[in-house]
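To start, the structure itself, in structure tokens.
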Amino acid sequence: MLPIANSCGRLEAAWEVLRQVPDPEVPVISLCELGIVRDLRLREDGACGLEVVLTPTYSGCPATELIADLVREALAAFGEIEITMQRAPAWTTDWITPAGRSKLKDYGIVPPGPVAGAQPVRLVHRHALTRLACPRCGSEQTEKLSAFGTTACKALYRCLACREPFEYFKPL
């Protein structure tokens, strides 16, 4: 087992590496900024390595295995990496960091609004109750083109002012 001080420095170094691992679907945001990385700890079995706790954005996310592989690859220098998928509590868009929300907007994806506390969220595929501002020009003159974008967790919109399409990350 590593001494406590060395363990803390090792964990912080591993966190720094994890903060650089991009999401495979939206590479401008890291897995940490997206809120997928829930915890990082020394392996309890005494093995030289780390355990990374991940919560996928939804249980059927096709990128889950790729994300686990990216984490293992990024942390390979830290020894054996154990990935634990923690599906409860379910991931929520509230876990996206402010920096992550800003990066999504700069990338052209409207970040989701806040989810109402611990209340269940019903996914609806209608127009948003409030107008979405275009991430490119800021106009609120927008329309929904499709309930689904490049992934099921996003919807496709178009700005009527600048005519550019953009995606909206649905609140979950």
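The values are calculated or read from the model by the stated rules, or taken from the named source; none is laboratory data. Computed from a prediction, not measured in an experiment: that's the story for all the values here. Glycine also receives a Cβ, built like all others from the backbone with ideal geometry; neighbour counts cover every protein chain displayed. Ligands, DNA and RNA are stripped out before the accessible areas are found, and what is left, the full protein with its side chains, is counted by its heavy atoms. Shrake-Rupley method; radii C 1.70, N 1.55, O 1.52, S 1.80 Å.
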Do we find a residue being at pLDDT 80 or above and either open to solvent by 30 Å² or more (accessible area, probe 1.4 Å) or in contact with a Phe, Trp or Tyr (Cβ under 7 Å, 6 or more places away or on another chain) (or both) anywhere in region 112-124? yes
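Conditions tested, residue by residue: (1) within 23 Å of residue 168 (Cβ to Cβ); (2) outside the structural domain of residue 153 (by TED's automatic domain parsing); (3) at pLDDT 90 or above; (4) not in a loop (DSSP other than H, G, I, E, B).
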site: 40; (1), (2), (3), (4): no, yes, yes, yes
site: 61; (1), (2), (3), (4): yes, yes, no, no
site: 67; (1), (2), (3), (4): yes, yes, yes, yes
site: 81; (1), (2), (3), (4): no, yes, yes, yes
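Restricting the search to region 44-59, which residues are assigned to a loop (DSSP other than H, G, I, E, B), in contact (Cβ under 8 Å) with a residue 12 or more places away in the chain and on the phi < 0 side of the Ramachandran plot? Walk me through it before giving the result.
Of region 44-59, the ones assigned to a loop (DSSP other than H, G, I, E, B) are 44-48, 55-59.
Next, only the ones that are in contact (Cβ under 8 Å) with a residue 12 or more places away in the chain stay: 46-48, 55-59.
Within region 44-59, 47, 48, 55, 56, 57, 58, 59 meet the criteria.
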Assess whether residue 32 counts as being open to solvent by 50 Å² or more (accessible area, probe 1.4 Å) and either touching a residue at least 60 places away in the same chain (Cβ under 8 Å) or of a type in the set (A, V, I, L, M, F, W, C) (or both). no
Matching residues in region 10-29 - criterion: being open to solvent by less than 40 Å² (accessible area, probe 1.4 Å) and either of a type in the set (S, T, N, Q) or out of contact with any strand residue (DSSP E or B) (no Cβ under 9 Å at 6 or more places or on another chain) (or both): none
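In region 131-150, which residue that is hydroxyl-bearing (Ser, Thr, Tyr) and touching a Phe, Trp or Tyr at 6+ places or on another chain (Cβ under 9 Å) is least open to solvent (accessible area, probe 1.4 Å)?
That would be 142.
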Selection within region 83-109 - part of a helix (DSSP H, G or I), out of contact with any Leu (no Cβ under 7 Å at 6 or more places or on another chain) and open to solvent by less than 70 Å² (accessible area, probe 1.4 Å): 94, 95, 99, 101, 102, 104
Six or more apart or on different chains, Cβ under 6 Å: which pairs go from a residue in region 156-167 that's charged (D, E, K, R) to one that's open to solvent by 60 Å² or more (accessible area, probe 1.4 Å)? Could you list them? 158/145; 158/165; 164/136
